[in-house]
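Inspection log for the structure reproduced underneath, given as structure tokens.
The values are calculated or read from the model by the stated rules, or taken from the named source; none is laboratory data. None of these values were measured; they are calculated from a predicted model. Every residue, glycine among them, receives a Cβ derived from its backbone with ideal geometry; neighbour counts consider all protein chains shown. All accessible areas refer to the heavy atoms of the entire protein, side chains included, with ligands and DNA or RNA removed. Shrake-Rupley method; radii C 1.70, N 1.55, O 1.52, S 1.80 Å.
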Amino acid sequence: MYQFRPATERIQYMRELIRDRVIQTDAERALIITESYQKNEHVVPIIKRPMGTYDICSQMTVRVEDFELIVGNKAKNFLGACVNAEWAGAGWIPFFAQNWTLRKDGLLHNPDDEELHMSIDPQDLDALRSIADYWNGRTVNATAEAWKPEGYEELAKLEVSSYGAGMGLMSIPVGHLTPGHEKIIKEGYKAIRDQAQTWIDEHRGNLMGEDMNRYLFYKSAVIACDAAIMLVRRYAQACFDKADDSNNPERKKELQRMGESLLWISEHPARSFWEACQAAILYQLFLSIDSGYPALAFGRFDQYTWPYLKADLESGRLTLDQAQEIVDAFFLKANCFYGGAPGKLAQTTGIGNTYQHTTIGGIDPDTGEDATNPVTYMVLETIGRLKLHDPTISLRINQSTPAELWACALETAKMVGGLPLFQNDEVIVPGLMKELDFELRDARDYSVIGCQEIVGSGNDYPAPNGVHAPHASVHFGVIFDMAINNGINPYNGVASSLQTGYLYDMTSFDEVREAVRSMSSYILKSFVSINNYAEVLTQYHAPHAALSISMQGCMENGKDATAGGCKYNSYGGTATGLATLADSLATIKYMVFDKKICSARELYDAVMANWEGHEPLRQYILNEVPHYGNNDPYVDEQMEWITNVYYDICRECYSTRSKVYKAGLYGASDHVAQGYHTWATPDGRKTGEPIADATSPAQSRDKNGPTAVFGSACTFDHGKYMDGIALNLRIHPSALSRDDGIAKLRDMTKVYFSRGGMEVQYNVVSTDTLRAAQKDPASYRDLVVRIAGYSAYFVELNEDCQNDIISRNENAF
């Protein structure tokens with residue numbers, strides 16, 4: 001079995017600080033941005049926004065901890081959080097004040113029985129209250145909410161998407177993407193600034209036509225670069241100051257070296273592995289400071305840092321053990337960027353999840369050959385031996401992936417559930433070229449973001465999964481219930497404008513399918529229409545200069561990423577839990593039209609009664625009707641049909657910026673949240689129970705082992721779903737207790753990929769262990785499991801999410 005290196009003492013110390021964290025929110029950023037916006041209130045947003053970022057970078061607290069090797073803090077306190085007032089306004093103030101108590105440390109704390117532990121200084125809470133009135137009516141969301149297109153109110157009342165569920169039209173910035181870390185590392189901020197300033201100088205007094213738009217963009221880019229340079233220089237000075245105060249000669253030298261390197265990379269390209277890693281983390285921090293993007297991925301970290309490590313190793317400047325510590329420090333620092341969230345949002349998006357998805361492995365974009373390198377292994381070792389559930393790691397697999405890398409990855413999966421995610425280059429690369437017109441080199445260089453979304457690296461502004469929401473999706477379980485209930489949501493009694501008829505009036509299975517197709521099209525297109533409205537507003541009210549400076553196409557075109565400046569402009573969403581619909585369709589076909597075991601009216605009445613008084617019928621359906629995940633063509637045909645329906649509707653959707661709306665089949669833990677307000681479904685599921693997760697079988701409906709699940713999953717063409725696919729499987733640890741078991745899982749995955757499978761992720765944990773963790777959380781505090789679109793410490797999940805994982809079939813071979 002693969003052997004992992006031990007972690008250094010300071011890495012272990014930092015890891016424990018992060019594991020035991022209590023997120024402390026402060027008002028510093030909110031106060032600075034408020035003062036900046038008051039000063040520049042009438043300045044056009046494309047200039048005002050980077051000016052605000054510059055003010056934050058020049059005034060915010062910068063920290064260098066005694067134990068740190070990689071620096072960067074998101075807020076005033078270590079493991080702290082800030083408030084993005086221009087987006088949130090005073091919206092989170094009630095969250096801090098509700099049921100929070102003042103403790104001996106002088107901080108207000110949320111209740112101990114909540115999964116996420118947070119705190120705030122009463123003075124910071126008062127400061128946030130002091131600026132609340134200013135932001136009333138001035139947030140980006142307030143502009144969007146002031147007027148909304150026809151159709152929004154109906155969509156919100158139906159509760160069939162994230163709209164109407166407490167999530168505003170533009171409550172957070174757009175930020176599911178992979179920024180251009182490689183460009184920042186290779187070129188440096190000064191070269192980018194010079195490019196922008198040169199254009200401005202050459203066009204002074206001669207701005208005609210589109211030149212004015214370009215001028216505004218390049219001016220915003222200059223301000224953004226100045227802000228970034230300022231921030232990195234301040235960290236350099238903080239290292240020098242820390243060195244002056246240090247009594248440890250070795251630490252003093254280290255801090256001085258760090259300061260000198262930070263001064264260099266504040267303007268220039270990186271020269272070493274440490275500088276490349278530090279430049280990447282500080283650009284990530286800079287973007288977070290700028291707008292608080294919800295899911296900034298690190299992209300192909302092992303690919304853009306390896307050339308620097310290779311040079312360091314060859315020159316003798318660094319050893320592999322020293323490089324491993326740098327990688328450890330990098331990902332621990334990334335964990336420090338988690339800012340917390342209110343209860344329901346945290347339960348859906350995951351406690352401790354930053355969504356800084358990191359992609360490793362895969363192929364070289366120029367040669368197409370396997371690109372595995374030592375950093376690939378280091379990332380897996382960091383996640384595995386430190387038992388980090390975040391960031392999510394995607395391992396790109398190709399036909400030449402080394403056996404040793406497979407061994408390292410599967411050993412990591414044994415330590416941290418669901419990590420890494422296995423992504424199939426043989427499906428994704430041609431899929432990107434066919435579906436999104438990616439050039440071959442760019443397709444080979446893809447990365448994964450958020451939960452599962454597939455994007456270009458530093459050249460693609462995808463805005464997937466909804467424009468301004470952390471997890472914006474259409475709820476297909478609700479859609480199905482509406483389709484068989486004449487367009488009425490049985491959960492809340494609200495009727496849509498589209499009438500599809502009642503199940504008991506449908507005389508053929510084709511009529512049932514048509515009702516589902518029509519309602520799916522109606523709701524999804526309504527949802528995308530509202531997204532498109534938000535996207536138009538974004539281009540004026542929320543441009544992203546700090547991001548655009550690194551994205552291929554923007555500096556060349558003189559156009560912001562939000563306005564279509566990037567080389568690629570994809571767009572898309574996800575359909576979570578279509579297996580529930582496939583099972584429901586199979587149930588109707590089997591029970592009503594094929595076997596005629598019950599009438600359509602009897603089945604309809606049972607569903608609308610939430611199965612109360614109809615338990616014998618429900619049990620018959622659960623035990624006799626074929627279910628997706630068992631390699632049964634009877635039901636797999638329905639999965640193929642519903643996924644194709646979803647894909648075809650997506651192909652009819654687009655925006656001003658993007659001509660393609662990508663289809664995806666994944667979710668965070670949205671299948672649990674959607675289940676709360678999805679009425680009972682014909683497959684035997686009751687109201688409030690989770691729907692199937694991502695593209696996995698419904699909970700415990702797969703009975704024939706993992707190969708049968710793979711057989712069902714390959715029924716439909718994965719190459720169409722370029723917004724990503726997630727397939728969860730739970731494996732009993734005994735299956736991987738020996739080398740031959742690991743080899744079997746590797747070979748089984750290879751066969752699945754050879755048959756067109758795009759992605760799979762493994763939870764290696766037994767039901768007994770999960771039950772024990774529920775009873776004794778303290779003894780299992782580091783148990784990591786995969787939900788769907790994120791991994792988490794099992795003991796930090798709410799009980800519904802825990803039970804959802806326990807209910808999944810446990811596979812052994």
Handout entry: Segment Asn213-Phe593, length gained on full extension (0.36 nm per residue, minus Cα span)
Key = 130.7 nm
Practice task
For segment 564-614, state which trypsin sites (Lys or Arg not before Pro) are in a DSSP loop and have at most 12 other beta carbons lying within 10 Å of their beta carbon.
Solution key: Lys595, Lys596
Problem - Segment Gln322-His203, length gained on full extension (0.36 nm per residue, minus Cα span) - result: 38.0 nm
Handout entry: Extension gain from Arg601 to Ala812, taking 0.36 nm per residue of separation minus the Cα-Cα distance
Key = 71.9 nm
Problem - Rounded to 5, percent antiparallel among DSSP beta bridges of the chain - result: 35 percent
Fill in the blank from the handout: Simple SL model, points at 7 angstrom along Cα→Cβ for Glu511 and Ala609; separation in nm is 2.3 nm
Practice task
Quick one: pull the percent of accessible area on segment 604-707 belonging to carbon and sulfur, 1.4 Å probe, ligands and nucleic acids left out.
Solution key: 49 percent
Practice task
Treating the angle as unsigned and between 0 and 90°, give the value, to the nearest 10°, between the Cα long axis of helix 249-265 and the longest Cα principal axis of the chain.
Solution key: 80 degrees
Practice task
Summarise the accessible area of segment 417-561 (1.4 Å probe, protein heavy atoms) by the percent that is carbon and sulfur.
Solution key: 47 percent
Handout entry: Exposure rank, largest accessible area first [Glu411, Glu602, Glu9; 1.4 Å]
Key = Glu9, Glu602, Glu411
Problem - Per residue accessible area of the chain, 1.4 Å probe, in Å² - result: 34 Å²
Problem - Environment charge of Gly164, counting only residues whose C-beta is closer than 11 Å and scoring Lys/Arg +1, Asp/Glu -1 - result: -2
Completion exercise
CD proxy, 222 nm, the chain: helix-only mean residue ellipticity via -39,500 (n - 2.57) per DSSP H run with n ≥ 4, per residue, nearest 500, stands at -15000 deg cm²/dmol
Exercise for the section: Compute the FRET efficiency between Thr61 and Asp112 as 1/(1 + (r/R0)^6), taking r as their Cβ-Cβ distance and R0 = 22 Å, and round to the nearest 0.05. Expected result: 0.20
Practice task
Report in % the part of the accessible area of segment 142-191 that belongs to carbon and sulfur, leaving out ligands and nucleic acids; probe 1.4 Å.
Solution key: 54 percent
